[in-house]
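Okay, structure first, notes after.
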């Protein structure tokens, strides 16, 4: 039986090759730095031969597409176009997120907007968005036209949910506080929707019935919720040298993450300082420690674990009969232990 690492070693090079092919086909005829920007963001070296730099992302979403396709009874290779599409879609959102959040660092390097400017970064993100759709159309060669249309519609619906979640996230920055329900609305859109899309695509490509597809969607959705809560933890208590993300804390940016929402409810000292606004990087470290003393950090970690348990229940309901279920459990465990 293969473990997660072995599946990654087989699946991810195939996805990367597909992404490189799509970029080359659609951008190879254009001169200028557009392809260079996208290749740079994806962790590749631009040129006639594109080489991996080892600075790309974790590729969780395409991995979920392929694992769920195999788990639902279809050969994973038929889902490679969809896996490439969701990874491109995810990276489109990251490029725009970095602009909106004024983040200088992504995966240990300068973000596109920091290196090439905001205007060109918007162009790069828009291009990545368009190429994601082009990648999904490759399902016509591995599946059929009907599944291709369904998958493309699902991706479009997901883009709308993702953008709405990001809209809420930004619009809530000007408010002193938000409710826990408003926080979950953000997470459902900006993170959980694409996870749910990824797992549902696997069932869709495996020709499973709609009711089974919905179960796969709920499984991925639950993983996404847990993933974002832990990401919120990393945004305050994570270490730059391990996460590779911007040194600017979520507290400095005024993000209404779960630690902030719970901090407003459970830490009087934090709530008082938060209401005053204008938190500096130096103060953020002290406030993070205050949240830890008042038990907020533990509440956040507990919430992430509870959401992960819910995802495990969803996984059991899928009744996967091969070793993919064990591999998916291993993947879920790795997401709550990442730095």
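All of the numbers you see were taken from the coordinates with simple rules; none came from a lab. What you see is a predicted model, and the numbers here were worked out from it, not measured in a lab. All Cβ positions, even for glycine, are placed from backbone atoms using ideal geometry, and neighbour counts span all protein chains on display.
Annotations
- Residue match in region 86-96 (condition: part of a helix (DSSP H, G or I), farther than 20 Å from residue 197 by Cβ, out of contact with any strand residue (DSSP E or B) (no Cβ under 8 Å at 6 or more places or on another chain) and without any contact (Cβ under 8 Å) to a residue 60 or more places away in the chain): no
- For region 176-187, the set of residues classified as surrounded by 14 or more Cβ atoms within 10 Å (Cβ to Cβ) and more than 12 Å from the chain's Cα centre (by Cα) consists of 177, 178, 182, 183, 184, 185, 186, listed by residue number.
- Of everything in region 14-23 that is under 13 Å from residue 44 (Cα atoms) and in contact (Cβ under 8 Å) with a residue 12 or more places away in the chain, the residue that is surrounded by the most Cβ atoms within 10 Å (Cβ to Cβ) is 19.
- Only one entry of 190, 215 meets the criterion of being touching a residue at least 24 places away in the same chain (Cβ under 8 Å) and either under 27 Å from residue 111 (Cβ atoms) or buried (at least 22 other Cβ atoms within 10 Å of the Cβ) (or both), and that entry is 190.
- Extreme residue, farthest from residue 253 (Cα to Cα), among residues of region 112-122 that are buried (at least 18 other Cβ atoms within 10 Å of the Cβ) and in contact (Cβ under 8 Å) with a residue 40 or more places away in the chain: 116
- Checking residue 143 against (1) surrounded by fewer than 21 Cβ atoms within 10 Å (Cβ to Cβ); (2) more than 22 Å from residue 261 (Cβ to Cβ), the condition it does not meet: (1)
- Count - residues of region 71-99 that are surrounded by fewer than 22 Cβ atoms within 10 Å (Cβ to Cβ) and under 25 Å from residue 211 (Cα atoms): 5
- Test for residue 125: is it more than 30 Å from residue 274 (Cα to Cα) and surrounded by 14 or more Cβ atoms within 10 Å (Cβ to Cβ): yes
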